[in-house]
Structure formats: C-alpha cells, structure tokens
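Visitor: This is the structure, below, for whatever I ask next.
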Amino acid sequence: TGHEEILLPLLIPEHILGKETEHIRGFEDQVYWVTHGGLEPLDVKLALRPTSETSLTYMESLWIKSYKQLPKKYYQVVSIFRYETKATRALLRVREVSMFKEAHTVHESFEDSERQVKEALGIYRRFFDALGIPYLISRRPEWDKFAGAIYTIAFDTLMPDGKALQIGTVHNLGQNFTKVFEVRIQKRDQTIDYAWQTSYGISERVIATLVSIHGDSKGLRLPFKVAPIQVVIVPIPAGSDEQKKAVTERALQLAKVLKDAGLRTYVDLRDDVTPGEKFNFWEMKGVPVRLDLGPREVIQGFVTVFRRDLMERSKVAVGELVDYLKDLGLKIDEELSRKAWEALKSRVVRTDDISEAGEFLRKSYVVEIPWDGREDCAVKLSEDLEADALGIPMDEDTSWAREKSCVCGGKAYTVLRLAKKY
C-alpha cells in the first residue's frame, strides 16, 4: 500500500504535545508525564507517547515543502501509553498498548485525504476479513471522535459477552495539525497552503477479538490463512522399533512435502508426552489441522486428518494430501467467518420503540434507532438506556429511518447505533 516504516521517539515535549489544543484536551487526563531525569527535575515535561500525530506533524514541517513530495504515507508499530482510569482488562483496556500499528498520511488536498480514508477502510476490511472477524463500521458522533480530527470512522465487533469492542479507527485530520505546526506546501498552481492529513490504527485488541470470537471451550481456533502453524503432524509410534522408526520417518517426509508446498508445518516428536496429551495441547493452541500418523497409516498409505474447527476426522491418501489440505484450509476459514458473521448479524436489530430498544440492549444486542442527529438526544438516549453511542452506520443503507420519527420527538434523518461497550 506504499506506506513507509518510521520510528518516532517515545517521549514528546509538553509544548509539542499541547500545540493542537483540541487534541491535548482530549488526552490531558490520560497522559503519563516524565518530570525527572534521575533526581533532577526536567526543564520541560516529557509525555509518554499517547499517540503520534503531534510529534510526526512537527517532523513533517521540516520534511515536506511541496506537492511533489505527496501523498506521503508512514506507519510504525510502537507502544503507546494511556492512563486508563477504568479497571484494566488484558488486551482490551490497558495502560500500555504494546503493539499499536498506527499509520499517518499527508496530502495536497481534502479530496486526496478523503480517497486515503477510503483506502484505509478497504485495508482494514481486507485485514479483518482475512481473520474472519465480523465488524460494524460507524461514523463516530462528533463528541466521540478522535481529538483533533474532522471525523472518525470506527470498526466495532461484538464480543461473546455481548459488549461492543472498538478494533480499528480511521480519522480524517483535515488541516487541524498542519496549521498549528506550519506544514505549508507549494501546490500545483504555485499557491501555498497547509497540507491535509489522515491517521488510522489497530492494536492488540484484534488478538483479543480473534481469541474470543473463534475460540471454544477447548481453546483457540485459528483461521488457516493466518495460523503460525497450519498443520501439526503427531506421530503415534507403536509396535516394534522398526515400525516406530517408519512412523517417524514418514512424519518427517510428509512435513517436507507440505513445507515445500507452502504449508506451515510442525512435527511433534516429543517422546515424554502421550499422543492424547499432544492432541489436547494442539487443540488448545488452535492449530487448524492435525495429521495423526501411526503404523496402520504408514502401511496403508494414508493419514488421519483432524479438523480443529469442527473436531472432525477424515482419512486421506498421502498422494492427495497437499491438494486436500489447501482446499480444507479455505473451507475452515469460510466456516469460521460464516459462523462469526451470523452471530454478529443475529444480534443487530432495528427499532423505533424506546422500550423495545432498552429490552434488546439488556439482552446484549446492538440497537439501531431513528435519530435526528442532535447530540442532546443521543446523550439522553445513552443515559436512559445505559448504553454507548457507536455512531451512524457506514456499512448499510440508513434511508429507512427517514420514514420514522426520532425517539426524542421530531423527524429522523439518520440512524444511531447503540450498544453496551468496553
């Protein structure tokens, strides 16, 4: 996608972080400050990076001077720090986001920044689709957008406990940061103007989602496409020493064939663990496919293929194994994705009745209701229904709401999504 990897400093001087006033107001109660170097007070307080818009825009004011350098796309994978006042929860609400993948782009015009927003949405769609993670795309309400952005579009999913979880965001920053940091560019018509920016990011919440949505009572169930180990071979030595040797040799031969075919394969040769313990171990790890191989399989020229997602076994001839596994991998991913999407869609409802909306929310549904767009209406709904406003749907037609009345009274023109949220 043409993004260049960078690495910005962890510590941000107070005067740089606070330069965009709306931005710092959105983060000031969550910033960790470094005030001393050893025992000596610092002349300038340093913030542990809560996000990188300010530090990067400062650098862009030095780097970028002309439209000929644009568009510019950067990304980095870093730790960010937020002083969360709510109770922390592993991978979901943390004070150090240790694998924040943030992208930042610079553009000549608003129109080009809008194209970049669409590209970012497409990148995240493909990413979540590859993981089999279902999602809702919503334009966040004005009061809940990223501090300093023109608008924010968010990806949310619904966790097994019925709470919505934000798993990715895309922001059009407009010229809000480039104006305060004086990122001026010469345009094609030789005029001088401020550049336009976008930013977007995902975190380890995606891992939490993958574990929670696909997992079952036995452990992980990983999609074949992204599993670190796609196929694990478990030799089951039995009989004479010669038979045991033949089983091990066949396992290693099969592993080479599968690896040469591009399948990520591992042979479990541990001799201090029983086959049953190995089965439980790899099922817990979520490896999509397991091959069980004993003396009978060696003699008859087949393997027993165990499919983790459905807990089913099949017998497959050795000569057909590569094609069978590649096809099986596609089926596994399709099945995991299908079930996840069905679960999400079954818990999204539309209603224009406030009592019915409350009942659905108590049962952990996502509720879509006709809305007139007023903040005071949305705030009242959130308070009365004890739910959070996810925003306006961006992934479906909302014209149905125009035929309805807003639950706050008056005419509706759009839809507001509400859910219990982390």
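The values are calculated or read from the model by the stated rules, or taken from the named source; none is laboratory data. The structure presented is a predicted model; accordingly, all values stated were derived computationally and were not measured. Cβ: placed from backbone, ideal geometry, glycine included. Neighbour counts: every protein chain shown.
Visitor: Can you find a residue that is under 18 Å from V206 (Cβ atoms), in contact with a helix residue (DSSP H, G or I) (Cβ under 7 Å, 6 or more places away or on another chain) and buried (at least 16 other Cβ atoms within 10 Å of the Cβ) anywhere in region 51-70? Before the answer, list the steps.
Guide: Pass one, region 51-70, residues under 18 Å from V206 (Cβ atoms): 51.
If we keep only those that are in contact with a helix residue (DSSP H, G or I) (Cβ under 7 Å, 6 or more places away or on another chain) as well, we get none.
Within region 51-70 (the criterion being under 18 Å from V206 (Cβ atoms), in contact with a helix residue (DSSP H, G or I) (Cβ under 7 Å, 6 or more places away or on another chain) and buried (at least 16 other Cβ atoms within 10 Å of the Cβ)), the answer is no, since none of the residues qualifies.
Visitor: Continuing with the same structure: Considering only region 243-253, I want to know if a residue exists there that is crowded, with 21+ Cβ neighbours inside 10 Å, in the same structural domain as P134 (by TED's automatic domain parsing) and touching a strand residue (DSSP E or B) at 6+ places or on another chain (Cβ under 7 Å).
Guide: no
Visitor: Moving to a separate point now. Would you mind stating whether E320 is under 30 Å from the mean Cα position of the chain (by Cα) and either in a helix (DSSP H, G or I) or surrounded by 17 or more Cβ atoms within 10 Å (Cβ to Cβ) (or both)?
Guide: Details: under 30 Å from the mean Cα position of the chain (by Cα): no; either in a helix (DSSP H, G or I) or surrounded by 17 or more Cβ atoms within 10 Å (Cβ to Cβ) (or both): yes.
So E320 fails the test.
Visitor: Kindly check whether there is at least one residue in region 33-41 that is in a helix (DSSP H, G or I), more than 17 Å from G148 (Cα to Cα) and modelled with pLDDT of 95 or more.
Guide: no
Matching residues to (1) touching a residue at least 12 places away in the same chain (Cβ under 8 Å); (2) under 21 Å from F100 (Cβ atoms); (3) assigned to a loop (DSSP other than H, G, I, E, B):
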residue	(1), (2), (3)
F146	yes, yes, yes
T169	yes, yes, no
N172	yes, yes, no
F224	yes, no, yes
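Visitor: Now a separate question. State which residue pairs qualify: first residue farther than 17 Å from F302 by Cα and inside region 317-337, second residue in a helix (DSSP H, G or I) in any location, beta carbons under 7 Å apart, and separation of 6 or more residues or different chains.
Guide: Once the first residue is farther than 17 Å from F302 by Cα and sits in region 317-337, its partners that are in a helix (DSSP H, G or I) give L336/H214.
Visitor: Further question on the same structure: Just need a number here: residues in region 348-359 that are in contact with a Leu (Cβ under 9 Å, 6 or more places away or on another chain) and either assigned by TED's automatic domain parsing to the domain that holds F155 or surrounded by 17 or more Cβ atoms within 10 Å (Cβ to Cβ) (or both). Full working, then the answer.
Guide: Residues of region 348-359 that are in contact with a Leu (Cβ under 9 Å, 6 or more places away or on another chain), as a first pass: 348, 354, 357-358.
Keeping just the survivors that are either assigned by TED's automatic domain parsing to the domain that holds F155 or surrounded by 17 or more Cβ atoms within 10 Å (Cβ to Cβ) (or both) gives 348, 357-358.
The qualifying residues number 3.
Visitor: Considering region 264-293 alone, what residues qualify as being part of a loop (DSSP other than H, G, I, E, B) and either in contact with a helix residue (DSSP H, G or I) (Cβ under 9 Å, 6 or more places away or on another chain) or not assigned by TED's automatic domain parsing to the domain that holds L254 (or both)?
Guide: Of everything in region 264-293, those that are part of a loop (DSSP other than H, G, I, E, B) and either in contact with a helix residue (DSSP H, G or I) (Cβ under 9 Å, 6 or more places away or on another chain) or not assigned by TED's automatic domain parsing to the domain that holds L254 (or both) turn out to be R264, D268, L269, R270, V273, G286, P288.
Visitor: Is one or more of the residues making up region 29-48 within 22 Å of D112 (Cβ to Cβ) and of a type outside the set (F, W, Y)?
Guide: Within region 29-48 (the criterion being within 22 Å of D112 (Cβ to Cβ) and of a type outside the set (F, W, Y)), the answer is no, since none of the residues qualifies.
Visitor: Now for a separate question. Checking the conditions here, which among Y83, Y67 is of a type in the set (F, W, Y) and in contact (Cβ under 8 Å) with a residue 60 or more places away in the chain?
Guide: Testing whether each residue is of a type in the set (F, W, Y) and in contact (Cβ under 8 Å) with a residue 60 or more places away in the chain leaves just Y67.
Visitor: A follow-up question, please. Output the residues belonging to region 371-416 that are among the basic types (K, R) and either assigned to a helix (DSSP H, G or I) or in the same structural domain as M159 (by TED's automatic domain parsing) (or both).
Guide: K380, R402
Visitor: Considering (1) in contact with a Pro (Cβ under 8 Å, 6 or more places away or on another chain); (2) outside any loop (DSSP other than H, G, I, E, B); (3) assigned by TED's automatic domain parsing to the domain that holds R290, say which one I137 fails and leave the rest.
Guide: All conditions pass for I137, except number (3).
Visitor: Can you report the number of residues in region 81-95 which are surrounded by fewer than 13 Cβ atoms within 10 Å (Cβ to Cβ) and part of a strand (DSSP E or B)?
Guide: So the count comes out to 1.
Visitor: Conditions first: (1) in contact (Cβ under 8 Å) with a residue 60 or more places away in the chain; (2) surrounded by fewer than 16 Cβ atoms within 10 Å (Cβ to Cβ). S109 passes all but one, so which condition is the exception?
Guide: (2)
Visitor: Looking only at region 176-192, decide whether some residue is out of contact with any strand residue (DSSP E or B) (no Cβ under 9 Å at 6 or more places or on another chain), surrounded by fewer than 22 Cβ atoms within 10 Å (Cβ to Cβ) and part of a strand (DSSP E or B).
Guide: no
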